[in-house]
Amino acid sequence: MTAVEQRARVTLRQQLPLLLALVILWMLLWGSITPLTIVTGVVVALGVTRAFYLPPVELSGRFNLFWFIVFVGRVLGEMAVASFQVALLAIGPRSRHESALVKVDLHTRSDFILTGTALAVSLVPGSIVVEVDRASTVLYVHTLSVHSPAQVEKARAHVLSLERSLLRAWGSREEWEAVRS
Amino acid sequence: MVGEEQWNSILDIAAASLLIVAALLTLAAAIGLLRFPDPLSRLHAATKPQILGLLLVVVAIALSARSATVLLLLIPVVVFQLLTAPISAHMVGRAGYRNGDFEPSALLVDELAADVDAARGSELPGGSWEDEVDGGSSNPRGAGS
Amino acid sequence: MTVLWMIAGAIAMVAVLLVLVRLITGPTLIDRLIASDVLLTTLILVVGAEMVISGHTRNIPLMVVLAATAILASVAVARFVTRANASPLTPDAEEGSDGR
């Protein structure tokens, strides 16, 4: 009985960031911050997390807002530049459209960082995560416009550097120290 | 008074220019959709320039409405797109790869295929999806036509 | 001003027609899925652009709903395509675990 209670309490604590995000989203959807939207937001967030149960996400416990903003800015900037590159590739003269499926073995062992890196990689045009091996945190990334082995390595290094940016902002201390050098 | 009017027209022209850039990105996506050789490449052309286009349109709406509340209301649109577009691109890309809807000759290297072969050789517990890949490649394209 | 808006509209219309070509010709289900996805995103863009042009903000909820549900069709069809090809080899094992 106590074991069950303790487990429930731990999951509630672990779900707190998710609940907070859901309440904020709820308030944004209504476009107002009033006691009514906060209360209904908490109720709906609790209901949603109870009805659609997800395994708790293990956060690293370390979060650096400055480096996270740098990370988001970097992803958005690369997205803007690469969007135009893909657009130019589409309207440009027909060349050989070669691409590559690159295997990237990430440093992290955390599901959270794996998901974040995959999101960032997918948002930058020219690369799509085709397959994920969660157990060994390997991403298989399909990259557009790759013509030489050097560019394959460049694509791999790019994914790893995105992972590094995210680890700097949100990774656990050990994993960040591991990739720091 | 004149200054304010000029300011207004500058904002309006900025919003209209953003709309044109967004439309051009959509056009580029459409052209890429037609010209790229295989479905996996088309997926690149299709999904991502659109997100930038959506961001531009959202900024244009905020510029023309000139209100912070509108910007707050628009944040969920951007957040939903940023979170869900990679997921759908991944699902579609995975389905495309497993179905063999791509030209192997267009791939310079295919490090996934090598690993699938390796997993097939040794009975790894993580290799349960190799059957699906196998089933996908033995089933030719045009599943829905 | 109106000229700029008409240019944007004309470009978007050409884009939609080109996407429709891909949607009709296929050749694979995945192609049609991608094309319909582009069509839906373009619809969101056009809804937003219309608000800028007409100078109102009444359709923002429509944009939110479209942006939130755009993923459903893609994921459903992608899962269907993967499953349809996986089923001959794995007859009932996977279907049962999905609770269907």
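Summary of computed values
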item	result
Close pairs from the range A:110-131: first at the interface with another protein chain (Cβ under 7 Å from one of its Cβ atoms) and within 22 Å of B:Pro49 (Cβ to Cβ), partner charged (D, E, K, R) and surrounded by fewer than 22 Cβ atoms within 10 Å (Cβ to Cβ), Cβ under 9 Å, at least 6 apart	A:Leu123/A:Glu78; A:Pro125/A:Glu78
Yes/no for A:Glu177 being assigned to a helix (DSSP H, G or I), out of contact with any Cys (no Cβ under 7 Å at 6 or more places or on another chain), buried (at least 22 other Cβ atoms within 10 Å of the Cβ) and among the charged types (D, E, K, R)	no
Selection status of A:Ala90, of a type outside the set (S, T, N, Q), farther than 15 Å from B:Ala45 by Cβ and modelled with pLDDT of 80 or more	no
Where a residue in the range B:13-40 is at the interface with chain A (Cβ under 9 Å from one of its Cβ atoms) and touching a residue at least 60 places away in the same chain (Cβ under 8 Å) and its partner, wherever it lies, is assigned to a helix (DSSP H, G or I) and of a type outside the set (A, V, I, L, M), with Cβ under 6 Å and at least six apart	B:Leu40/B:Gly96
Residue list for the range C:53-69, restricted to those being free of Cβ contacts under 8 Å to residues at least 12 places away in the same chain, facing another protein chain (nearest Cβ under 8 Å) and not small (Gly, Ala, Ser)	C:Thr57, C:Ile60, C:Val64
Qualifying positions in the range C:64-88 - modelled with pLDDT under 80, surrounded by 14 or more Cβ atoms within 10 Å (Cβ to Cβ) and not polar (S, T, N, Q)	C:Val81, C:Arg83, C:Ala84, C:Ala86
Pairs, first of a type in the set (D, E, K, R) in the range C:1-30, second in a helix (DSSP H, G or I), C-beta under 7 Å, six or more apart	C:Arg22/B:Leu33; C:Arg22/B:Leu34; C:Arg22/C:Asp31; C:Arg22/C:Ala35
All positions within the range C:4-45 that are closer than 25 Å to B:Ala15 by Cβ, within 13 Å of the chain's Cα centre (by Cα) and more than 7 Å from chain B (Cβ to nearest Cβ)	C:Val16, C:Leu39, C:Leu40, C:Leu43
Check on B:Ala85, facing chain A (nearest Cβ under 8 Å), part of a helix (DSSP H, G or I), surrounded by fewer than 20 Cβ atoms within 10 Å (Cβ to Cβ) and small (Gly, Ala, Ser)	no
Among the residues listed as B:Thr69, B:Thr47, the single one being part of a helix (DSSP H, G or I), among the polar types (S, T, N, Q), at the interface with chain A (Cβ under 9 Å from one of its Cβ atoms) and over 26 Å from A:Ser127 (Cβ atoms)	B:Thr69
Filtered residues of the range A:137-147 (kept if more than 8 Å from every other protein chain (Cβ to nearest Cβ) and either in contact (Cβ under 8 Å) with a residue 40 or more places away in the chain or surrounded by fewer than 16 Cβ atoms within 10 Å (Cβ to Cβ) (or both))	A:Val141, A:Thr143, A:Ser145
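The values are calculated or read from the model by the stated rules, or taken from the named source; none is laboratory data. Since we're looking at a predicted model, the values are computed, not measured. No Cβ is skipped: glycine too gets one built from the backbone with ideal geometry, and neighbour counts run over all protein chains shown.
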